[in-house]
Amino acid sequence: MSSRLPPLNALRAFEAAARHGSFTLAAEELCVTPGAVSRQIKALEEHFGLALFARGHKLVTLTGDGARYFAQVTGPFAELARAGETLCQANGPRQVRLDCVPTLAMHWLLPRLERFRAAHPGIEVVMQTSVGPVDAARDFHLSVRRDPAHFAGLAATPLMTEWCLPVCSPAYARDHRLTSLSALSRATALEIRAREDLWPGWCRAQRIGPAALGPRLVVDHTFVAMQAAEDGLGVAVVPLIFADRLLAAGRLVCPLPGTEAVSGTYSLLHRPGKEAPEVEAFARWLAGECATVTAPPRT
């Protein structure tokens, strides 16, 4: 047997064929024909003077020598693959992986994200959205949550206060004469399953009870409630930071100005320990953006 290094193309074909248990599947992975894989393995067998595969009708299996050899070479191939991934990551764009609640991402963060991209062109933000408790097993650097019950034991830094207010379409406010708190009994209250705290918290701040409200229409999410309000189905209590663009465009109105109420605080969550510079840069930028969110003016 020759002591020189075996032909590397033949070795690659052998590793793929042994891993798949098939010359055909190995050929698909390597983008060659099954015949090419068979010839490469034959060359490797000739190099060692040993049969590495037993060939049958439409079936190939490793011989004892082939199985022992595969056990020794598969580990180095996996190490080579990992080394390539590490090299690409080190020379690719720096990433910040953010886990955020969907409505905040949709209505507040995404419209601002281009400012971060312009200031930090070498940093790529990868955003995933989820609701409920943070899944600490997921691959993320930072997470944004409002409910402390969802923090999953992560370190939390307060970002901004959330204010809520009642909204509806201009026509709905006019047709139902929504000029006072008592007029709410004539309106349909759009309730949100994902934010069952909003109507009760707002009512407490206005010192009115649930009996002051009219009939209910329940929807799943905040963005659905805003769409329902815009479509004239009723009045929704929603966070101001989600509705401000629709209010500015006149698609929604607040029929009861000056009735804004605090409905929570958003926090930035992270695991203990020092973060990479790009993650720290994003955290500083996000804190700066949140600092521009101020309490609504009282009228």
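Brief remarks on what is shown
- Among 44-53, 261-270, the order from most to least packed when residues are scored by Cβ within 10 Å on average: 261-270, 44-53
- By DSSP, the beta bridges lying fully in the chain are antiparallel in about 60 percent of cases.
- Once the gyration tensor of the Cα atoms in the stretch 162-264 is diagonalised, the equivalent ellipsoid follows with semi-axes of 16, 16, 13 Å, ordered largest first.
- Relative contact order (%) - the chain, alpha-carbon pairs under 8 angstrom, separation at least six: 19 percent
- Percentage relative contact order, the stretch 8-91, counting C-alpha pairs under 8 Å, at least six apart: 24 percent
- Calculated P(r) tail over 21 Å for the stretch 8-91, as whole % of Cα pairs: 29 percent
- Within the stretch 173-200, backbone nitrogen closer than 11 Å to the virtual label 7 Å beyond the Cα of residue 216 toward Cβ: 189-193, 196-197, 199-200
- Rg followed by Dmax, in Å, when the chain is reduced to its Cα trace: 30.4, 96
- Protection proxy ranking of 167-175, 236-244, by the mean of other Cβ atoms within 10 Å over each peptide's residues and highest first, is 236-244, 167-175.
- Residue 115/residue 251 FRET efficiency (R0 22 Å; Cβ-Cβ; nearest 0.05): 0.35
- Summary of packing: across the peptides 68-80, 179-191, the per-residue average of other C-beta atoms within 10 Å ranks them, highest first, as 179-191, 68-80.
- 208, 123 arranged by Cβ crowding within 10 Å, fewest neighbours leading: 208, 123
- Helix-only mean residue ellipticity at 222 nm for the chain, each DSSP H run of n ≥ 4 adding -39500 (n - 2.57), per residue, nearest 500: -12500 deg cm²/dmol
- Pairs of Cα atoms nearer than 8 Å and 6+ residues apart set the relative contact order; for the stretch 168-290 it is 32 percent.
- Distance between the stretch 169-238 and the stretch 35-82 - C-alpha centres, whole angstrom: 70 Å
Quick note: the coordinates plus some simple rules give every number you see, no bench work behind them. The structure presented is a predicted model; accordingly, all values stated were derived computationally and were not measured. Virtual Cβ from ideal backbone geometry, glycine too; neighbours counted across all protein chains shown.
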